[in-house]
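The values are calculated or read from the model by the stated rules, or taken from the named source; none is laboratory data. Given the structure is predicted, the values throughout are model-derived calculations rather than measurements. We place every Cβ from the backbone using ideal geometry, glycine too, and count neighbours over all the protein chains shown. To get the accessible areas, we keep the full protein, side chains included, count just its heavy atoms, and leave off ligands, DNA and RNA. Shrake-Rupley method; radii C 1.70, N 1.55, O 1.52, S 1.80 Å.
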Amino acid sequence: MKLLKKIILTVVVVFVAMQFFSPTKNITAGKHTEAFIKQTNPSTELKSLFETSCYDCHSNNTEYPWYNNIAPISFLLADHVKEGKEHLNFSEWENYSLDKKDHLLGEIEEEVVNGNMPLSQYTLFHKNTELTANEVNKLVEWVRQTRIIYQLGKQPK
Ligand code: HEC
């Protein structure tokens, strides 16, 4: 019994102490994905799909839920954002090479068709972020059209 009390006390102390620490937030004011939108020209529907379902982890601006103020959730979220941005960052689109853009578009198609993205841990807590079959089809259509443009750009003149 004494041991159990000690364990509980330790857990409480660690939890409280944790609250004094928070990871740096991923926040950018203004139009951080303008270059991506301009270059790839998604429909209004797809544009808002990226905003609601992808930008939180794949851009330089995350809209944080209230529970992000609680550690260790804040650290888990920060980790997702960091890792997501390392793979694909829509705010950095203009700095990617043609090859990389083309490759990433292929990856986007693969991930959404397979239902891997957005991450299920995310759609569980964020309403209406899961993609419908219709949205996936439209996204795939956009990927294919955009890739043709990039592939034409890669051909020798
Ligand atoms: C909750 C955060 C989160 C959301 C929301 C999210 N992703 Fe991801 N995404 C990640 C993480 C983390 C990785 C890297 C690890 C992995 O592949 O699971 C990743 C990887 C990817 C990759 C793989 C890139 C590569 O190089 O292999 C693509 C493509 C991708 N995401 C597209 C999307 C798209 C499109 C959306 C929106 C429909 C989306 N993601 C929404 C977190 C997220």
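Of the helices (runs of 4 or more DSSP H) that lie entirely inside the stretch 1-78, those containing 3 or more residues that are surrounded by 11 or more Cβ atoms within 10 Å (Cβ to Cβ) and touching a residue at least 60 places away in the same chain (Cβ under 8 Å) span 44-53. For LYS101, are the conditions met, namely being touching a Leu at 6+ places or on another chain (Cβ under 8 Å), surrounded by 12 or more Cβ atoms within 10 Å (Cβ to Cβ) and under 19 Å from SER43 (Cβ atoms)? Criteria not met by LYS101. Taken over the stretch 79-98, the criterion of being over 30 Å from GLN151 (Cβ atoms) and loosely packed, with under 15 Cβ neighbours inside 10 Å is satisfied by ASP79, LYS82. Across the stretch 107-126, the qualifying residues are those that are farther than 19 Å from ARG147 by Cβ and among the aliphatic types (A, V, I, L, M), and the one among them that is farthest from the ligand (Cβ to nearest atom) is LEU124. For the stretch 60-94, a residue qualifies if it is more than 10 Å from the ligand (Cβ to nearest atom) and of a type in the set (Gly, Ala, Ser), and the qualifying residues are ALA71, SER74, ALA78, SER91. Checking each residue in the stretch 137-157 for being modelled with pLDDT under 95 and open to solvent by 100 Å² or more (accessible area, probe 1.4 Å) picks out ILE149, LEU152, GLN155, PRO156, LYS157.
Condition (residue is within 18 Å of GLU45 (Cβ to Cβ) and touching a helix residue (DSSP H, G or I) at 6+ places or on another chain (Cβ under 6 Å)) applied to the stretch 144-152: is it met by at least one residue? Yes.
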